Amino acid sequence: MLQFVATGVVFGSILAVTASGLSLVYAILKLTNFAHGDMVTFGAYVALFLNLALGLDVWWTLPLAFIAGALLAVALDGLVWAPMRRRGAGTVAMMIASIGVALALRNALVFLFGADTTRFDMPVQPKVPLGSLPVMMSADDWEVIVAAAVAILGLHLLLTRTAIGRAMRALSDNAALAWVSGVDVDRVIRWTWIVGGGLAGAGGVLYGMTQPFNTNMGWFLLLPIFAAIIVGGIGNPYGAILGGLLIGVAQEVSVAVLPTQYRLAVGFVVMILVLLVYPRGLLGQRSLS
Amino acid sequence: MSAEGKESSEAEERALLRVREARKLFGGFAAVDGVSLDVREGEIVGLIGPNGAGKTTLFSLITLFLPLTSGAVYFRGQRIDGRPPYLPARLGLVRTFQITRVFARMTVLENLMFAAPGQPGESLAELALAPRRVRAHERRVRERADELLRYFNLERVRDQYAGTLSGGQRKLLEMARALMTEPKLMLLDEPMAGVNPTLKEELLGYVLDLRRQGMTFLVIEHDLDMIMRISDRVVAMAEGRVISEGPPEAVRQDPAVVDAYLGPGGQARAAPVDPGPPAGRALREEGRAHG
Amino acid sequence: MSGLLAGLVAYLASFLTNATLYVLFVVGLNLQYGTTGLVNFGHVAFLAIGAYTAVLLGVHGVPILFATAAGVAVSAVFGVLLAFPALRLRDDYLAIVTIGFAEVLRTVVNNVQFTGGPQGIYGYAVPLRDLGLGYQAWQWLFLALVVALTALAFALTEYVVRSPYGRVLKAIREDQEVAVALGKNIVGYKVASFALGAGVAGLAGALLAYYYGAINPHNFEAIVTFEAWIIMVLGGTGRNWGAVLGALIYFGLYSATARYAMSGVGAIAADRLAALRIVAIGVLLVVLMIYRPQGILGRKEDLGLER
C-alpha cells in the first residue's frame, strides 16, 4: 500500500508541475487549453532528440526542454491566441482552437518521430528500500520529486517576489483594474506563456524519466491534469499542486484494488465527485493572491 | 383589534409586493440588511441610493435570483421566497436588467415570443400530439408580439437578430419582452442609464402610459430628476438599509438621504451619481455564481 | 475501364454513406451545442454506446429493429446521466467532463470481456444483408436506409428547433438566467436536449456498426468527436444544412487525400502521412476559429454575438 502512495507522489509531483502551468494560463488568459498535454509531449520529445541524437544527459535536457516549451507557447500565442483575443473570440471558440492546436502538435510529433513507444537513454537505477518502510524508490524517483519541488518553489517565488508575478496576480484578480492601473498586459501574457509552456516542457521530461512514453502521453495526461486543476480550483496554481498530488496518489492507490488500465479513469471519477460537492474546486477559484 | 392594526392590514392586502426584513450576506458582508418595503397596485415606486446601497441585490432577492439569508417576500399575498426562480414571472413579477440582456442570436420577434406564458408548444408531447393547437397558440402569441412591436416602434427590426440593435432599441426590446409575460409588477433596473435625453423622455412616456393602463412599477434609477418626476413614492437605501421613505420631495430633502449621497455636511442638493457599470457587473457575477 | 468505373461507383457509395452517417452524428451535436449551447466534447461516447448496445443485443438474438431502438434509448439514457453535471457547470468544466466521460468509457470498453475488449465484435447480423443481394447492391440499399433515417432525424430536429420548444433551447444558449427570469423552468429542456442529441448519436452509432460490419474501441477515439465539431463549425453551428455542407467538404478533402495516406508518397510512410493529414485537420480548425467562427453558412452578424 505504502508503495502505491510513494509511486503516487512521484506521479503526483509531475502532475503538479504540469497542472500549475495550465492553471496559471487559465488564471491570466481565461483559456481552457486542451493543447497543454501535447505541450508536455513536446517537451519530452525535445529531450528525447537531445538525448538520443546529441547524446546529452537527460538531466541537462530539463532546462532546455523548459526553454523549448516556453518558446513554443510564445510562438503559439503569436500565431493563434493573440489574433483570437484581438477578434474578441468567445470561450468556446478558444477551446475548439486549442483542440486544433493539440491535434496539429501531436501529429507533427508523430510525423517527425513516429508513434512507437520510446524511452530516454539513461542508466536504469536500482530501487532501494526507504529506511525500514516497505517502500522501494530509485534515485531517479527522488530526483524527480526534488526537481518538481524546485520548479514549484520557483513558481511561488515568481508569483510573490517579482514585479511580473505581482502583475500576474493583479491581472487574474481584476483584468479591467489592472489594465487601467498601467499593468503591461502584453508583457504579463508573454511571461504567463513562458512559465506555463516551460513547466509543461519540463514536466514532459520528468514524466519520460519515470516511464516509457509515446506521442499520446500528453493526451492521456490531460485528463488527470484537468482533474488536478479542477480539484484544486481552476485558475489557482497552488490548488493545482495540491490537486496534482491528490490525483496522483489516488490513481496509484487505486491500482491496489482495480486493474491498472483504469488508473486514468480514477482521476476522472475523483474530479466528478469533487465537482458534485464543490462546483468550484476544493480551494475555490480565482485566488492567485 | 386596534384601529392602527386594522389599517395596516388593509394596506397590506392592497400591497402587490411586500418585502419583510430581507437580509442578504455575502461572506460576512450584509449587502441587504433588513429591508422592508411595500409596493401597492398601480403605484410607481422609485428606489434610489448611492452605489453599493444594495438596490440591485434587493431586486435579485425579490425575483428569487439570489436566496435570502433571512426575511420574507410576498407577492399578491403569497409567500414566494425559497421557491424556484422561474416562479415570480409566472405570478406576474418580472424584471429588466441594468445592462440590457437580450437574446443576441435570436430575432427581435423570437425574443418577444419566447417570453409569452403558457405555450403548449414548449412541450414535446404537445408538439407531437397537438400540432394544430400549438400552431393556433403560436399565431396568438405572434399577434401579441406584433402589437408590442408596433407600440414600441420596433416593427422595422422585427426579423433582425437582437444583437444587432442599438442600445436604445435594446432597452425598448427588454421592456417589450418583459411585457410579454403579462406582468402585474415590473422591476426596472436603471432604465435610463446610458440613454440619450430624447430616448429618456420616450421611456418615461412608456412607463407613464403603461401605468395608466394599470401597470405597477418598482424602479431603480440614478437620475434623480427623472425619479422625482415619475414616482408616487420614493424609497432611499444606503449600505443595505432603507434610510428614508415617502413622497419624492420629502425624501429628496431628508438630511439622511443628502448625507448618504454627499457624505455628512455636504451640499443640500443631491447630484445624480454616475451609475458606473462595474458595480452592476460584479453583482451579476455574484448572481451567476450563486444561481 | 468498366472495372475502374465499378470501383468508382463503390467508392462513391462508401463516401456518401460515411458522409451521411456523420451528418446524422452532427445533427445530434448541433442540437446540443448549436441550438442549446451545451458544450459536448465527448459526443463519440454516444456513438459508441449506440453501436455496442445495438450489436451486443443483436448478437444475443434481439431482432435488429429492436436492437437498434435500444441503442438509441440507451444512448439517450446516458445523455440524461451526463446532463446532470451539465445543469450546474460552466462551458469549460462541461467540456472537460464530457471529454473525460468519453475517454473513460473507451477505457472500459477496451478492458471488459463482454465488449470483446480491444478486438471488438465482428461477424454480427446486419440489416438488409439477408436479402440475397451482392455486396455492391447492399451498399446502395443500405445507403438509402441511412439517408432516409438521417432525413427523418434532420426533419424532426428542424421541427423541434423551429417550434416554441426550440425557442426555449435557443434562449438557454443565449442567456439562461434571463430565460429563467422570464418564467421558464429550464432544467428539463437542458436534460432533454442532451438526451435527444445523444439518442441521435446512438442511432448513428448503430448504423455505423452495421456499415462497418465490425467494431472495436479504436473506432471511437476522441478524434471522431472533433471531426464532428469540424463538420459542425465548417457549415455553421445551429444549422442542420451546415452539417450537410460541412460533411461533404470534410469528406471531400478526406477522400482527396486518402490515396496518399494509404500508400505513402515516395519514402514517406503511410502512417506518417496519415499524421500529416491530422495536422492539417488541426490547422483547419484553428484557422476556422480565428477567421470564420460562424462557419460558411453562418450569418455575418453572428460574429461577436457569442458570449
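The values are calculated or read from the model by the stated rules, or taken from the named source; none is laboratory data. Computed from a predicted structure; not experimentally measured. All Cβ positions, even for glycine, are placed from backbone atoms using ideal geometry, and neighbour counts span all protein chains on display. In case anyone asks, the SASA skips ligands and DNA or RNA and just uses the protein heavy atoms, side chains included. Shrake-Rupley method; radii C 1.70, N 1.55, O 1.52, S 1.80 Å.
The table below gives the values:
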| read-out | value |
| --- | --- |
| Rel. contact order, % - alpha carbon contacts under 8 angstrom, at least six apart, the stretch B:103-164 | 58 percent |
| Space enclosed by the convex hull of the alpha-carbon atoms of the stretch C:115-262, per residue, Å³ | 153 Å³ |
| Where N is the number of residues in the stretch C:12-219, Cα Rg divided by 2.2 N^0.38 Å | 1.06 |
| Accessible area of the protein assembly as shown divided out per residue, in Å², using a probe of 1.4 angstrom | 41 Å² |
| Euclidean distance between Cα centres, the stretch C:192-235 to the stretch A:1-25, Å | 34 Å |
| Most mobile of A:Ala93, A:Ala19, A:Ala200 in a GNM of chain A (Cα contacts under 10 Å) | A:Ala93 |
| Rg followed by Dmax, in Å, when chain A is reduced to its Cα trace | 18.4, 61 |
| Nearest-10 value in Å² for the accessible area of A:Phe42, using the 1.4 Å probe | 40 Å² |
| Portion, in percent, of the accessible area of chain C that falls on carbon or sulfur, probe 1.4 Å | 70 percent |
| Protein accessible surface hidden between A and C, which excludes ligands and nucleic acids, total in Å², probe 1.4 Å | 3800 Å² |
| 5 Å binning of all Cα-Cα separations within the stretch A:171-213, expressed as whole percents from 0 upward | 5, 20, 18, 15, 11, 10, 8, 7, 4, 2 |
| Max mean-square fluctuation residue, GNM over chain C, Cα-Cα springs under 10 Å, options C:Gly79, C:Gly242, C:Gly134 | C:Gly134 |
| For the protein assembly as shown: rounded, prolate or oblate by the Cα gyration tensor [a/c cutoff 1.5] | oblate |
| Carbon and sulfur %, accessible surface of the stretch B:103-164 computed with the full protein complex present, 1.4 Å | 47 percent |
| Relative contact order [Cα under 8 Å, 6+ residues apart], chain A, whole percent | 37 percent |
| Choice from A:Arg87, A:Arg190, A:Arg166 showing the highest fluctuation, given a GNM over chain A with Cα pairs closer than 10 Å | A:Arg87 |
| 19 Å Cα cut-off, lysine pairs counted over the protein assembly as shown (separation 8 or more, or different chains) | 6 |
| Tilt relative to chain A, helix A:217-232 - C-alpha long axis, 0 to 90 degrees, to 10 | 70 degrees |
| Chain C: angle of helix C:187-212 to the longest principal axis, Cα-based, in degrees nearest 10 | 10 degrees |
| Spherically averaged projected area in nm², based on the convex hull that wraps the Cα atoms of the stretch A:157-289 | 9.3 nm² |
| Solvent-accessible area lost in complex, 40 Å² minimum, residues of the stretch A:96-137 relative to chain alone, 1.4 Å | A:Ile96, A:Ile99, A:Leu103, A:Ala104, A:Asn107, A:Phe111 |
| Helix axis angle, A:36-52 relative to chain A longest principal axis, alpha carbon, degrees | 50 degrees |
| Interface size B-C, as summed buried accessible area [1.4 Å probe, Å², nearest 100] | 3100 Å² |
| Förster radius 56 Å - calculated FRET efficiency between B:Leu262 and A:Thr117, Cβ distance, rounded to 0.05 | 0.15 |
| Dimensionless Rg/Rh of the stretch B:15-141 - Kirkwood Rh, Rg from C-alpha atoms | 1.06 |
| Over the stretch C:12-219, relative contact order from alpha-carbon pairs under 8 Å, at least 6 apart, % | 46 percent |
| Chain B: calculated mean residue ellipticity at 222 nm from DSSP helix runs of at least 4, using -39500 (n - 2.57) | -13000 deg cm²/dmol |
| Label-point gap, in nm, between C:Asn185 and A:Val5 - each point 7 angstrom along Cα→Cβ | 4.9 nm |
| Theoretical FRET efficiency, 1/(1+(r/R0)^6), r = Cβ-Cβ of C:Leu12 and A:Leu276, R0 45 Å, to 0.05 | 0.40 |
| Relative intensity, log₁₀ I(q)/I(0), of chain B from a Debye sum that treats every alpha carbon as a point, q = 0.13 Å⁻¹ | -0.94 |
| Percentage, to the nearest whole number, of Cα pairs in the stretch B:103-164 over 19 Å apart | 36 percent |
| Average projected area [Cα convex hull, the stretch A:75-191], square nanometres | 12.2 nm² |
